Amino acid sequence: MTVPAKIKREVASLREQIEHHNRLYHSLDTPEIPDADYDALLLRLEELEKEYDLATSDSPTQRVGSTPLSQFSQVTHEIAMLSLDKVFGEQELKDFENRIKKRLDSDEELAYSCEPKVDGVAVSLLYENGDLIRAATRGDGVTGEDITHNVRTIRSIPLQLSDVKKKSRLEVRGEIFLSKPGFEALNKRAQKEGTKIFVNPRNTAAGAVRQLDSKATAKIPLEMYCYSVGIVEGIKLPDELSGIFNELAGFGLPVNPDRKTEQGIDGCLDYCMSLLEKRNDLIYEIDGAVIKVDNLTTQRSLGQNAKSPRWAMAYKFPAEEKSTTVLDVEFQVGRTGTITPVARLDPVFVGGVTVSNTTLHNMDEIERLGLRIGDTVVVRRAGDVIPKVVKVLNPKENKKPRKIKLPAKCPACSSPIEKDGEVLFRCSAGIICPAQQKESIKHFASRTAMDIEGLGSKLVEQLVDEGLIESVADIYTLTTEQLADLERMGTKSAQNLVDAIVKSKKTTLPRFLFGLGIREVGDATALSLVNHFGDIDPIAAASPEELEKVADIGPIVAQHIAAFFGNRNNLALIKKLRKAGINWPSVDVSAAEKPLEGQTFVLTGTLEAMPRNEAKAQLLGLGAKVAGSVSKNTDCVVAGPGAGSKRTKAEELGVKIIDEGEFLAFLDDLS
């Protein structure tokens, strides 16, 4: 076959690009492009090599990763550490099983071992006679880097295995990672100490295992989950991967609690969809699921190709990072007058949604990124988290860069802009600014505040523009007749909204406080205020010094709260709202012991009858502690639909688990 010269050039260029990105990702831990962009390059190269028969033994499609760093001792893997092929959809996963059945010449249903694809660093641990003697990175799959000195600092990795016979060798393979809470705590510490802020958990973990000084690694709370074994000598292991995981756990090695064995590829698809739903509840980052034939004899029959096993497949979830272009930057006015830059993006599908704009937070963040209009950027979106620009790519390629400038006047009312603190800028007009007026009403009606169903963003803007409401108190004067006259409303919709407004009058004080939009007072702070003071009048009368006695309230937030309640207009607004019928139960803050004093609860899954922050408020009011994770000290887990790893952990520890119906009955019994 004659191969066109332009195809040869494209193949050569793709190989050069992929090798470049391989080294940045695997050896230097400084990736320039998102995983999705890398996958696209590799997929294009694979297609061209297959179509024009251009595959060579040194192509990036035939090997794994990159060469190890020269400053580390090199380790040759006795059994190669292969990478996994990837699929991105249901049919591709079914095709994977069809290939397996065709190779086995059998239609018999297979069992598969399924586990989350943890976003970390692949490593090999070698134990001799039960003692850890070596740890190595995957490297290029054949040769890795000796990282034993760093792995020994990871507390979840045993230095000696339990119940392992002498004269044995066991190679365990797994993924070293940094959990979400660990990453958050690490950056909080870095912020406090004024040191470098870490970009993401995966890069942080990769950098930590390659530290030359193990004392630096020890400061990073790394963890590991085992995913397979390599060398096995002098130890009898089961012939199923699922059984091997149980044996490894018995040796004291960490295995993923979210693994599962499924029958047939349809069972695997159900597992993948279930894992995708609870992705945000996991304590570690994942980018998909790994599906492996469970039986080891069958694995050996299927064998491998040049770089990956035929018996395993990675099912990739929608990308959480993609590259796109910044088309423009506009400035929006928030409900407290904060002027926020917002990037308008060339629309990109990332994390399961199409993203066309995202906040840039403040001018300092723009300066930190070195961002200009026209730049190509990496956008990250994880679950329901707001999309974020995390990096500028190849800024020199922006041929017509435009500098981003803060406007001199408020975009909504043309009032002067003034600086507030170190990084923020605000409109000087206050509540008379139409943008702040609308945003404060939207916030008050939102689900986490007064939860007025049907009073959405567009309707609020319409009501303000029509002159029907000027403040949140005016919501409670609206009539069915007024609303029915609005465009696209109608009598039934109008009555539904009036009913929702009436329903919102019966609320909780934390919701009401949060809805008032006091600066720096989120739902957690509102909850703390109520549990300390019990009702709104003592909160309004409290001095900044008294407010600082509340957990998690410092001098700045205390000043904001005191200033809010020191404003006569705000007090008049609250009086007007209470006169309109808004009411809430007060919280008992007496020194007497409360019924749940000393008990720890964990809320997980979706609570349908009672929002989670409301359930938390009730528990705190009854003296309970509400924790974010399950431990042996947890007294009870309230598990709604979609409860994931927290429920699993509770089951493993034998912690009491109740559903929402039982929880509501429990609260009724205590009242």
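The values are calculated or read from the model by the stated rules, or taken from the named source; none is laboratory data. Because the structure is a prediction, the values reported are computed rather than measured. FYI the Cβ positions are ideal-geometry reconstructions off the backbone, even for glycines, and counts take in every protein chain you see.
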Query raised in the report: Among the numbered criteria (1) within 28 Å of Asp213 (Cα to Cα); (2) surrounded by fewer than 18 Cβ atoms within 10 Å (Cβ to Cβ); (3) of a type in the set (Asp, Glu), which single criterion is violated by Asp107?
Result: (1)
Report summary line: The condition of being in a helix (DSSP H, G or I), over 34 Å from the mean Cα position of the chain (by Cα), free of Cβ contacts under 8 Å to residues at least 24 places away in the same chain and surrounded by 16 or more Cβ atoms within 10 Å (Cβ to Cβ) holds, among Ala562, Ala558, only for Ala562
Query raised in the report: Quick one: how many residues across the stretch 442-490 are more than 38 Å from the chain's Cα centre (by Cα), in a loop (DSSP other than H, G, I, E, B) and over 18 Å from Arg578 (Cα atoms)?
Result: 8
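Condition check ((1) in a loop (DSSP other than H, G, I, E, B); (2) buried (at least 17 other Cβ atoms within 10 Å of the Cβ); (3) more than 31 Å from the chain's Cα centre (by Cα); (4) among the hydroxyl-bearing types (Ser, Thr, Tyr)) across all residues:
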| position | (1), (2), (3), (4) |
| --- | --- |
| Asp287 | no, yes, no, no |
| Ile291 | no, yes, no, no |
| Thr297 | no, no, yes, yes |
| Ser301 | no, no, yes, yes |
| Ala314 | no, yes, no, no |
| Gln332 | no, no, no, no |
| Thr336 | yes, yes, no, yes |
Query raised in the report: Taking interchain pairs and intrachain pairs at least six residues apart, which have beta carbon atoms under 7 angstrom, with the first residue in the stretch 104-121 and free of Cβ contacts under 8 Å to residues at least 60 places away in the same chain and the second buried (at least 24 other Cβ atoms within 10 Å of the Cβ)?
Result: none
Query raised in the report: Counting residues that are buried (at least 16 other Cβ atoms within 10 Å of the Cβ) and in contact (Cβ under 8 Å) with a residue 24 or more places away in the chain, which strands (runs of 3 or more DSSP E) fully inside the stretch 622-671 reach at least 2?
Result: 625-627, 636-639
Query raised in the report: So which helices (runs of 4 or more DSSP H) stay within the stretch 171-226 end to end and still have 3 or more residues that are closer than 22 Å to Ser83 by Cα?
Result: 201-209
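Evaluate the following for Gly252: is it crowded, with 16+ Cβ neighbours inside 10 Å, modelled with pLDDT under 95 and of a type in the set (Gly, Ala, Ser)?
yes
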Query raised in the report: Arg155 fails exactly one of the following numbered conditions: (1) in contact with a Phe, Trp or Tyr (Cβ under 7 Å, 6 or more places away or on another chain); (2) at pLDDT below 90. What is the number of that condition?
Result: (1)
Query - Failed condition for Gly207, given (1) modelled with pLDDT of 90 or more; (2) crowded, with 16+ Cβ neighbours inside 10 Å; (3) not β-branched (Val, Ile, Thr) - result: (1)
Query raised in the report: Do we find a residue being surrounded by 17 or more Cβ atoms within 10 Å (Cβ to Cβ), farther than 30 Å from Asp281 by Cβ and touching a Phe, Trp or Tyr at 6+ places or on another chain (Cβ under 6 Å) anywhere in the stretch 531-540?
Result: yes
**Report entry** Identity of the residue in the stretch 339-373, part of a strand (DSSP E or B) and surrounded by 18 or more Cβ atoms within 10 Å (Cβ to Cβ), that ends up modelled with the lowest pLDDT
**Finding:** Val350
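Between Ala435, Ala429, Ala408, which is surrounded by fewer than 12 Cβ atoms within 10 Å (Cβ to Cβ) and either over 30 Å from Asp35 (Cα atoms) or of a type in the set (Val, Ile, Thr) (or both)? Show your work before the answer.
Working: Ala435 fails: surrounded by fewer than 12 Cβ atoms within 10 Å (Cβ to Cβ); Ala429 fails: surrounded by fewer than 12 Cβ atoms within 10 Å (Cβ to Cβ).
Among Ala435, Ala429, Ala408, only Ala408 is surrounded by fewer than 12 Cβ atoms within 10 Å (Cβ to Cβ) and either over 30 Å from Asp35 (Cα atoms) or of a type in the set (Val, Ile, Thr) (or both).
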Query raised in the report: Scanning the stretch 570-601 for residues that are part of a helix (DSSP H, G or I) and touching a helix residue (DSSP H, G or I) at 6+ places or on another chain (Cβ under 8 Å), which turns out surrounded by the fewest Cβ atoms within 10 Å (Cβ to Cβ)?
Result: Leu571
Query raised in the report: Which members of the stretch 282-301 meet the condition of being in contact with a helix residue (DSSP H, G or I) (Cβ under 6 Å, 6 or more places away or on another chain) and farther than 22 Å from Asp35 by Cβ?
Result: Val293, Asp294
Query - For Pro411: the one exception among (1) assigned by TED's automatic domain parsing to the domain that holds Thr338; (2) over 36 Å from the mean Cα position of the chain (by Cα) - result: (2)
Query raised in the report: Of all residues in the stretch 60-77, which are surrounded by 18 or more Cβ atoms within 10 Å (Cβ to Cβ), in a loop (DSSP other than H, G, I, E, B) and at pLDDT 80 or above?
Result: His77
Report task. Residue by residue through the stretch 39-59, note down the ones that are modelled with pLDDT under 85 and buried (at least 19 other Cβ atoms within 10 Å of the Cβ). Result -> Ser59
Query - Single match in Lys219, Lys192, Lys180 (criterion: surrounded by fewer than 20 Cβ atoms within 10 Å (Cβ to Cβ), in contact (Cβ under 8 Å) with a residue 60 or more places away in the chain and in the same structural domain as Lys307 (by TED's automatic domain parsing)) - result: Lys180
Report summary line: Just one listed residue, out of Lys307, Lys316, Lys292, is at pLDDT 95 or above and farther than 30 Å from Phe514 by Cβ, and it is Lys292
Query raised in the report: Looking only at the stretch 374-424, which residues are within 30 Å of Ser274 (Cβ to Cβ) and either in a strand (DSSP E or B) or hydrophobic (A, V, I, L, M, F, W, C) (or both)?
Result: Val378, Val379, Arg380, Ala382, Val385, Ile386, Lys388, Val390
Query raised in the report: If you check Ala524 against the conditions, is it assigned to a helix (DSSP H, G or I), of a type in the set (Gly, Ala, Ser) and more than 29 Å from the chain's Cα centre (by Cα)?
Result: no
Requested in this report: Test each condition in (1) crowded, with 16+ Cβ neighbours inside 10 Å; (2) modelled with pLDDT under 85; (3) within 22 Å of Tyr284 (Cβ to Cβ) for Val164 and report the one that comes out false.
Outcome: (3)
Report summary line: Expected output for the stretch 196-214 (first residue closer than 15 Å to Val390 by Cα, partner modelled with pLDDT of 85 or more and among the polar types (S, T, N, Q), Cβ below 9 Å, 6+ apart or cross-chain) is Phe198/Thr204; Pro201/Ser179
